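A.B. asks: Sending over a structure as structure tokens; questions will come in a sec.
The values are calculated or read from the model by the stated rules, or taken from the named source; none is laboratory data. Quick caveat: nothing in here was measured; it's all calculated off a predicted structure. When we count neighbours, we look across all protein chains shown, and the Cβ atoms used for this are built from the backbone with ideal geometry, even at glycine.
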Amino acid sequence: MGEDWTPVAEEWARWWGSFAAPARELIVRATAVAPGSRVLDVGCGSGEFLAELAGRGARVAGVDPAEGMVELARRSVPAADVRLGDAEALPWPEGAFDVVTAINALQFADDRDTAAAELLRVTAPDGWVAVANWAERANNQLDAIDAALNDEPGEDGDLRLPGGIEHLLIDAGAHVVETGLIEVPFEVPDDDALVAAILFGEDPASGPLVIEAARPYRTGSGGYRFLNHFRYALARR
Ligand SMILES: C[S@@+](CC[C@H](N)C(=O)[O-])C[C@H]1O[C@@H](n2cnc3c(N)ncnc32)[C@H](O)[C@@H]1O
């Protein structure tokens, strides 16, 4: 397991819990999630997607290696089967789900090929696997803050680049049906929220740097809006 998200689980949920909403919406529509659909969200974080899926009548399950995330997800969606675990070793049998999703999560897996194979393994024959991740940095206005905080420019890992998710899934044996870019704006109402959302309470001395880097994205109401993108791929087993 990589970095443990437990210490930041509450703050994550507060500031970023709805961030992936446009990607979630796209996946729900494209995979035709309906009442009774068996859906697994891998790297489910604090469980916002599980709540949405449960609200649509799906039979939902989630998995995350961070105990703090699992606790939040279980609390927010008591009906969901939320388990502690990694994408690389999913604790369900073969073919258990109609739709398996991983949003903004696979980049944290130590072994992405194994993780992709696991997504496929627990998907029912002809079921859907849907993966979405941050696009390359040039497509994300939030990168201006990253660039200001880090001396070394961040690299674009494979999953961010065009074809990255697609090839991961194809190599795992999936049939990719659709790929694309989707807008995921990030908005906060004021300076305090911006600093809290970026620094999660760590390194308060960097607050002014964050605010300075965010200046071009300030809105008329004193908040901030950053236009970012996820890349996604929808595939069938
Ligand atoms: C950026 S959060 C995204 C949470 C959620 N998918 C969302 O979009 O709101 C990343 C999540 O991936 C989880 N994660 C880290 N390593 C993982 C792994 N190897 N397998 C599955 N999830 C992992 C983290 O614990 C964290 O909850």
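A.B. asks: In the set GLY43, GLY68, which member is farther than 27 Å from THR179 by Cα and crowded, with 18+ Cβ neighbours inside 10 Å?
C.D. replies: GLY68
A.B. asks: If the Cβ limit is 9 Å and pairs must be 6+ apart or interchain, which residue in the stretch 200-228 that is at negative phi pairs with which residue that is among the acidic types (Asp, Glu) and modelled with pLDDT under 95?
C.D. replies: ALA213/ASP146
A.B. asks: Now for a different question. State all residues of the stretch 75-92 that are within 13 Å of the ligand (Cβ to nearest atom) and surrounded by fewer than 21 Cβ atoms within 10 Å (Cβ to Cβ); if no residue qualifies, say none.
C.D. replies: Across the stretch 75-92, the qualifying residues are SER76, ARG83, LEU84, GLY85, GLU88, ALA89, PRO91.
A.B. asks: Would you confirm, using the coordinates I've provided, whether VAL100 is of a type in the set (A, V, I, L, M), over 24 Å from VAL184 (Cα atoms), touching a residue at least 12 places away in the same chain (Cβ under 8 Å) and within 13 Å of the ligand (Cβ to nearest atom)?
C.D. replies: no
A.B. asks: Just for the stretch 21-69: of the residues that are under 16 Å from PHE108 (Cα atoms) and aliphatic (A, V, I, L, M), which one is nearest to the chain's Cα centre (by Cα)?
C.D. replies: VAL42
A.B. asks: Checking the conditions here, which among ASP143, ASP158, ASP171, ASP151 is surrounded by 12 or more Cβ atoms within 10 Å (Cβ to Cβ), more than 18 Å from the chain's Cα centre (by Cα) and acidic (Asp, Glu)?
C.D. replies: Being surrounded by 12 or more Cβ atoms within 10 Å (Cβ to Cβ), more than 18 Å from the chain's Cα centre (by Cα) and acidic (Asp, Glu) holds for just one of ASP143, ASP158, ASP171, ASP151, which is ASP171.
A.B. asks: Answer yes or no as to whether LEU159 is touching a residue at least 60 places away in the same chain (Cβ under 8 Å) and part of a helix (DSSP H, G or I).
C.D. replies: Yes; evaluated as a whole, the condition is true for this residue.
A.B. asks: Assuming ASP113 fulfils every condition listed in (1) surrounded by 17 or more Cβ atoms within 10 Å (Cβ to Cβ); (2) in a helix (DSSP H, G or I) apart from one, which condition is it?
C.D. replies: Exception for ASP113: condition (1).
A.B. asks: A further question on this structure: For the stretch 86-97, which positions are outside any helix (DSSP H, G or I) and within 29 Å of ASN228 (Cα to Cα)?
C.D. replies: ASP86
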